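First up is the structure itself, then whatever we jot down about it.
The values are calculated or read from the model by the stated rules, or taken from the named source; none is laboratory data. Model, not experiment: these values are computed from the prediction. Every residue, glycine as well, gets a Cβ built from its backbone with ideal geometry; the counts of neighbours run over all protein chains shown.
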């Protein structure tokens, strides 16, 4: 029988249980996928802890995986059995051996990109795409501030910034992570555990500040992020790993700042647009501008341990589960 990680209540990683499930056959507009690699993303923690609601219990977890199409239902024309695909949208439940998915969220994988590489790109690489190319379009020459620069999205963002001529100032928590971020293309690093973020940004920018900050940390870094911005600068709050952001709009008025909290679901639709996003990302990979492989690999049954590592902030790069 196929297996899946499910949870019956919100809480610590201990609520994650490996259970047998019935996958069934795909219905109209659907496809059944046999997973080879399942990505672990911080948004999974938000669902597990209840910061983001789930439709009901028991609930699956995960929204990002790659694998092979085993069967398709009626009305599916552009995806066929045997196709290698990945996905990042659709219902929760990627932490599983196999599952049935809406076919219109599946992204065909090029032959030149392995399942292992793709597992680090579908959510994390597409996140870098929509942050840098859509939420705040970067054209080259800008100096930006990026929090969690040695994380899964961060290491792809470092390489993307280098590829388009953007000077990234990356915030990390250790000297080891600073070295990793620099090796991936980060121009400057700030080790937040021993350096003052605002002071370092002002030193690097000759007191000017930056036009945009990408902040996935949230509550703990809000004030520093706002203080690093130029007048009319933009704070892109793309995550809240330290807790949700609560802001007095007078903090924005002090420099006429902009604040946005983007979500992938609003940038990766319709399907034609999602496929174009993926093509831009895949082209950078095929041209050698972005190199990405999992940094941490766990068995599907070890999902709870993967979450513990993710929340400890000991991890760098991308984390995957193998069924």
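Here are 169, 180: which of them is surrounded by 18 or more Cβ atoms within 10 Å (Cβ to Cβ) and either out of contact with any helix residue (DSSP H, G or I) (no Cβ under 9 Å at 6 or more places or on another chain) or assigned to a strand (DSSP E or B) (or both)?
Values: 180 fails: either out of contact with any helix residue (DSSP H, G or I) (no Cβ under 9 Å at 6 or more places or on another chain) or assigned to a strand (DSSP E or B) (or both).
Only one candidate passes the filter, namely 169.
A count restricted to segment 72-95 and to residues that are closer than 20 Å to residue 124 by Cβ and not in a loop (DSSP other than H, G, I, E, B) stands at 4.
Considering only residues in segment 190-239 that are surrounded by fewer than 20 Cβ atoms within 10 Å (Cβ to Cβ) and in contact (Cβ under 8 Å) with a residue 60 or more places away in the chain, the one that is nearest to residue 308 (Cα to Cα) turns out to be 234.
Of all residues in segment 241-275 being assigned to a helix (DSSP H, G or I) and within 20 Å of residue 63 (Cα to Cα), which is nearest to the chain's Cα centre (by Cα)?
Going through segment 241-275, the residues assigned to a helix (DSSP H, G or I) turn out to be 249-253, 264-266, 271-275.
Of the ones still in play, those that are also within 20 Å of residue 63 (Cα to Cα) are 264-266, 271-275.
Working: 264: 9, 265: 12, 266: 15, 271: 19, 272: 20, 273: 18, 274: 15, 275: 17 Å.
So, considering only residues that are assigned to a helix (DSSP H, G or I) and within 20 Å of residue 63 (Cα to Cα), the one nearest to the chain's Cα centre (by Cα) is 264.
Number of residues in segment 289-310 that are at pLDDT 95 or above, crowded, with 18+ Cβ neighbours inside 10 Å and within 17 Å of the chain's Cα centre (by Cα) equals 3.
Set side by side, the residues 262, 294, 323 differ, and just one is farther than 30 Å from residue 176 by Cβ, in contact (Cβ under 8 Å) with a residue 12 or more places away in the chain and in contact with a helix residue (DSSP H, G or I) (Cβ under 7 Å, 6 or more places away or on another chain), which is 323.
Just wondering, is there one or more residues in segment 51-61 that are surrounded by fewer than 19 Cβ atoms within 10 Å (Cβ to Cβ), touching a helix residue (DSSP H, G or I) at 6+ places or on another chain (Cβ under 7 Å) and assigned to a loop (DSSP other than H, G, I, E, B)? Checked segment 51-61: at least one residue is surrounded by fewer than 19 Cβ atoms within 10 Å (Cβ to Cβ), touching a helix residue (DSSP H, G or I) at 6+ places or on another chain (Cβ under 7 Å) and assigned to a loop (DSSP other than H, G, I, E, B). Report, by residue number, each residue of segment 3-30 that is without any contact (Cβ under 8 Å) to a residue 60 or more places away in the chain and over 27 Å from the mean Cα position of the chain (by Cα). 20, 22, 28 - these are the residues of segment 3-30 that are without any contact (Cβ under 8 Å) to a residue 60 or more places away in the chain and over 27 Å from the mean Cα position of the chain (by Cα).
Here segment 16-35 is the region considered, the condition is being crowded, with 20+ Cβ neighbours inside 10 Å and touching a helix residue (DSSP H, G or I) at 6+ places or on another chain (Cβ under 9 Å), and the residue that is farthest from residue 318 (Cα to Cα) is 26.
Assess whether residue 88 counts as being crowded, with 18+ Cβ neighbours inside 10 Å and modelled with pLDDT under 95. Yes: the conditions hold for residue 88. Check whether at least one residue in segment 123-146 is surrounded by 24 or more Cβ atoms within 10 Å (Cβ to Cβ) and in a loop (DSSP other than H, G, I, E, B), and report yes or no. Checked against the condition, which is being surrounded by 24 or more Cβ atoms within 10 Å (Cβ to Cβ) and in a loop (DSSP other than H, G, I, E, B), segment 123-146 yields at least one hit. With the condition kept exactly as written, say whether any residue in segment 197-207 is in contact with a helix residue (DSSP H, G or I) (Cβ under 7 Å, 6 or more places away or on another chain) and either in the same structural domain as residue 102 (by TED's automatic domain parsing) or outside any helix (DSSP H, G or I) (or both). No, the conditions are met nowhere in segment 197-207.
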